[in-house]
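Asks: Questions regarding the structure given below will be posed in turn.
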Amino acid sequence: MFTISDIRREFDRLDGVTGLNTTDVPIRISARMSRALGVCRSRSTEGGGVEAVDVAFADYLCRCGTEEEFLNTVRHEYAHLYNILHDGIRCGHDARWKEVALWLGASPDRLADYRDLLARARKAEALPKRKTEKKPVKPKNCRK
Ligand SMILES: [Zn+2]
């Protein structure tokens with residue numbers, strides 16, 4: 001089980017590496033995320049720049065993830081934050097992002113292989129419920 005304090009602690013450590021100050025960037029744990037493990041949200045500023053909105057992590061990652069899966073995701077999202085705060089750009093998962101991800105000790109793959117984690121989360125019933133319930137199957141008419 002990982003908490004916002006654990007994320008904050010890793011962000012603080014990474015701030016020490018990069019020289020950034022991310023203490024004002026809100027960190028959330030989202031129980032609604034069922035696909036992505038994390039997301040770094042940003043918006044365009046009036047001056048044509050970009051600013052960070054917040055960074056969110058999937059609840060099931062925090063509940064069922066291993067330390068490696070957790071830290072890899074935290075560093076992955078921090079690399080996005082670095083691109084925004086340091087470089088002033090959103091660069092997706094391009095070469096520039098990859099370079100930062102590698103520097104910070106995250107896998108440079110856009111998508112982590114988290115099939116194991118999903119299986120664990122499913123078993124623990126930690127994944128969010130589907131928005132729409134499946135329609136019940138109508139019983140067939142049976143004539144005696
Ligand atoms: Zn990403």
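Every number in this text was worked out from the coordinates using simple rules, so none of it is lab data. Computed from a predicted model, the values in this text were never measured in an experiment. Cβ coordinates were reconstructed from backbone atoms using ideal geometry, including for glycine residues, and neighbour counts include every protein chain displayed.
Asks: Compare ARG130, ARG41, ARG122 in a GNM of the chain, Cα atoms joined below 10 Å, and give the one with the largest fluctuation.
Replies: ARG130
Asks: Taking amide H positions as placed in the peptide plane 1.01 Å from N, state which residues far from ILE29 in sequence (5 or more) or on other chains have amide H under 5 Å from it.
Replies: Here the answer is PHE57, since their amide H atoms fall under 5 Å of that of ILE29.
Asks: Among GLY38, ILE84, GLY105, whose Cα sits farthest toward the positive end of the charge dipole of the chain (+1 at Cβ of Lys/Arg, -1 at Cβ of Asp/Glu, about the Cα centre)?
Replies: GLY38
Asks: Quick one: of the DSSP bridges fully inside region 11-110, what percent are antiparallel, nearest 5?
Replies: Around 65 percent antiparallel, to the nearest 5.
Asks: Further question on the same structure: Given R₀ = 22 Å, FRET efficiency for ARG9-GLU51 by Cβ-Cβ distance, to 0.05? Show your work: numbers first, answer last.
Replies: On the way: r = 24 Å, r/R0 = 1.08.
E(calc), rounded to 0.05, equals 0.40.
Asks: For the chain, what is the convex hull (Cα atoms) projected area averaged across all directions, in square nanometres? Spell out each step's value before the answer.
Replies: Details: hull surface 47.9 nm².
Over all viewing directions, the chain projects a mean Cα-hull area of 12.0 nm².
Asks: Sorting check: for 79-89, 9-19, 29-39, 56-66, which peptide has the highest mean count of neighbouring beta carbons within 10 Å, and how do the rest follow?
Replies: Details: 79-89: 19.0, 9-19: 14.5, 29-39: 16.7, 56-66: 21.7.
Going from most to least packed, we get 56-66, 79-89, 29-39, 9-19.
Asks: So, one more: At 7 Å along Cα-to-Cβ for each site, give me the label-to-label distance between CYS91 and ARG28 in nm.
Replies: My value for the distance between the label points is 2.7 nm.
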